[in-house]
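Structure record follows, encoded as structure tokens.
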Amino acid sequence: MTMSGRIDGVPAKALLVDDRRDNLIALEAILQGLPVVPVAVESGEAALKQLLIDDFAVILLDAQMPEMDGFETAAHIKQRERTRHVPIIFLTAADRDAQLALRGYAAGAVDYLTKPFDPWVLRAKVSVFVELWTKTRLLEAQADAARQFKSLTTAVDDAVTILRAGEDPDRALEILESARG
């Protein structure tokens with residue numbers, strides 16, 4: 001694994017949610033060159049469906065959309081065990097309305113940007129979350145490896161104890177084979 005936004009060949013992904021296709025195209029262009037695969041959807045409902053399929057390093061979510069707005073979408077995302085820890089950055093064309101920003105943070109956002117925003121600021125924020133996602137996956141892989149190592153070590157210790165006691169060597173072999181998986 002490298003800090004390229006990939007772990008075990010799986011790239012980091014950013015979910016882009018906006019009801020306007022031109023905004024999605026602009027977001028994809030802003031993210032171009034970053035170690036992240038953008039996945040664009042045009043509604044909150046489509047975002048929730050996509051979150052059932054893929055894991056994401058970050059979600060860029062338009063606050064104001066028809067039908068299910070960004071706030072409602074974020075509430076659903078934060079209610080799901082699988083997605084509650086995915087960082088959400090709200091993007092909105094609304095004027096710098098403090099109430100909307102507070103509503104975004106209350107819905108679970110880690111940030112709230114009003115359009116037009118500086119694309120370099122957004123790139124920097126996405127880069128941070130991609131790096132965090134990558135490091136988290138690396139730590140999870142290391143924890144899994146440590147658990148597997150502990151299991152194997154315990155099996156070897158048990159097998160050695162059996163053999164030293166002069167017990168059935170086939171039983172010792174069974175223990176080792178079952179630990180190997």
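Every read-out reported here was derived from the displayed coordinates using simple, explicitly stated rules and does not represent laboratory data. Bear in mind that the values here come from a model prediction, so they are computed numbers and not experimental data. Glycine also receives a Cβ, built like all others from the backbone with ideal geometry; neighbour counts cover every protein chain displayed.
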| Against the longest principal axis of the chain, how steep is helix 119-164, in degrees 0 to 90 to the nearest 10, with axes from Cα atoms? | 10
| Once phi is turned into ³J(HN,Hα) by the Karplus curve 6.51 cos²θ - 1.76 cosθ + 1.60 with θ = phi - 60°, what whole-Hz value does each residue of the stretch 167-176 show in order, with x for glycine and proline? | 7, 4, x, 5, 5, 4, 5, 4, 4, 5
| note | So for the chain, using the alpha carbon gyration tensor with a ≥ b ≥ c as root eigenvalues (a/c under 1.5 gives rounded; past that, a/b versus b/c decides prolate or oblate), I'd call it prolate
| request: Compute the acute angle (0 to 90°) between the alpha-carbon long axis of helix 70-79 and the principal axis of greatest extent of the alpha-carbon atoms of the chain; round to the nearest 10°. | output: 20
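Please label the shape of the stretch 31-92 as rounded, prolate or oblate, based on the square roots a ≥ b ≥ c of the eigenvalues of the alpha-carbon gyration tensor (a/c under 1.5 means rounded; beyond that, a/b larger than b/c means prolate, else oblate).
Note, shape of the stretch 31-92 comes out oblate.
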| request: Taking H placed 1.01 Å from N in the peptide plane, check which residues at least 5 places from residue 113 or on another chain put their amide H under 5 Å from its amide H. | output: 90, 91, 92
| said: Can you compute 3J(HN,Hα) from phi for each residue in the stretch 12-19, using the Karplus curve 6.51 cos²θ - 1.76 cosθ + 1.60 with θ = phi - 60°, rounded to whole Hz and x for Gly and Pro? | reply: 5, 10, 10, 8, 9, 10, 7, 6
| remark: Taking Cα atoms, the helix 21-31 axis meets the longest principal axis of the chain at an angle in degrees (rounded to 10) of 50
| message | Students often check this: by mean Cβ neighbours within 10 Å, which of 80-87, 121-128, 138-145 ranks highest, and how do the rest follow? | response | 121-128, 80-87, 138-145
